[in-house]
Amino acid sequence: MMDETVFEQKLSELVSEIGTMPDSQQKKLMTLAKKTRETHKQLKKSVTHLHESLDYLRVSIKYLLFDLEATRRENTYLKKLLEDNTK
């Protein structure tokens, strides 16, 4: 997998190479390089958002499990109180 720095470096090298080409080819390739850079930025942003969402989901699940256990303990305690009260 290519890391961010290597990607930017390779893309910059490609843009430099495109700069040496004839104008007719240069425009088309520069547009593609620009689109590639924008798509990469958007993908990176999406992955970051996905990581944040997963972290939030993990915390939410941990809280729900904690709350479930607390509710079970409280339920058991209240059942015991009712049983003791009916005796």
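The values are calculated or read from the model by the stated rules, or taken from the named source; none is laboratory data. All figures in this text were calculated on a predicted structure; none of them were measured in a lab. Cβ coordinates were reconstructed from backbone atoms using ideal geometry, including for glycine residues, and neighbour counts include every protein chain displayed.
Note on segment 1-38: residues that are surrounded by 13 or more Cβ atoms within 10 Å (Cβ to Cβ) and free of Cβ contacts under 8 Å to residues at least 24 places away in the same chain total 9. From the list His49, His40, the one residue that fits, being under 21 Å from Glu4 (Cβ atoms), part of a helix (DSSP H, G or I) and either touching a strand residue (DSSP E or B) at 6+ places or on another chain (Cβ under 6 Å) or modelled with pLDDT of 95 or more (or both), is His49. Return yes or no: is Lys62 under 28 Å from Leu11 (Cα atoms) and either touching a residue at least 24 places away in the same chain (Cβ under 8 Å) or surrounded by 10 or more Cβ atoms within 10 Å (Cβ to Cβ) (or both)? No, not satisfied. Suppose the filter is farther than 30 Å from Gln9 by Cβ, among the basic types (Lys, Arg) and free of Cβ contacts under 8 Å to residues at least 60 places away in the same chain; does Lys41 pass it? Spelling it out, it is not the case that Lys41 is farther than 30 Å from Gln9 by Cβ, among the basic types (Lys, Arg) and free of Cβ contacts under 8 Å to residues at least 60 places away in the same chain.
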